[in-house]
Amino acid sequence: STYTKIIEAIENAPEDSDLATWRTERAPKIGISYWHLGENGTVLDLVKAVRADEAEHRDVNHSVVNMQPGDVNPRYDPSVRLDEALNKYVRDMMTKAPKTE
């Protein structure tokens, strides 16, 4: 893919090249914030995050392309999310230490 080729070019760029600086150059603040790169996120980290994000979009699009009206989106089933949230709540409640006064 294009992002993989860009990443490989950055990783394999000669040390004294402009492209090599992206291995250590800090990513723009908006990219650090949006993709949760951490305060030391580099341009290379940013490109890797964008590649992962685009792969997610690709996977979502491929999984929903044949959906028919009324089908439940396999990537987002609200009942599954509710069940997961309730199960987590119960687990958390069961493992909390009783309050002592």
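The values are calculated or read from the model by the stated rules, or taken from the named source; none is laboratory data. Source: prediction; values computed, not measured. Quick reminder, even Gly has a Cβ in these numbers, built from the backbone with ideal geometry, and neighbours come from all protein chains shown. The accessibility values were calculated without ligands, DNA or RNA, using every heavy atom of the protein model including side chains. Shrake-Rupley method; radii C 1.70, N 1.55, O 1.52, S 1.80 Å.
Helical content alone sets the calculated 222 nm signal of the chain at -18500 deg cm²/dmol, taking -39,500 (n - 2.57) per DSSP H segment of four or more residues and averaging over every residue.
Near Thr24, once Lys and Arg are set to +1 and Asp and Glu to -1 for all other residues with Cβ below 15 Å from its Cβ, the sum equals -4. Amide H contacts under 5 Å for Thr42: Ala27, restricted to partners 5 or more places along the chain or on a different chain, H placed in the peptide plane at 1.01 Å from N.
Listed peptides 55-67, 14-26 appear in the order 14-26, 55-67 once ranked by packing, highest mean of other Cβ atoms within 10 Å at the front.
On full extension, the segment bounded by Ala52 and Asp16 gains 10.2 nm, given 0.36 nm per residue less the C-alpha separation. Normalised by the number of residues in the chain, the mean separation of alpha-carbon contacts (under 8 Å, six or more apart) gives a relative contact order of 17 percent.
Accessible surface comparison of Ile30, Ile7, probe 1.4 Å, protein chains only, largest first: the order is Ile30, Ile7.
With the Cα gyration tensor of the chain giving a ≥ b ≥ c as the square roots of its eigenvalues, does the rule (a/c under 1.5 for rounded; else a/b larger than b/c for prolate; else oblate) give rounded, prolate or oblate? Here the chain falls in the oblate category. Ranking Tyr89, Ala49, Pro69 by Cα position along the charge dipole of the chain, where only Lys, Arg, Asp and Glu carry charges on their C-beta atoms, puts Tyr89 farthest toward the positive end.
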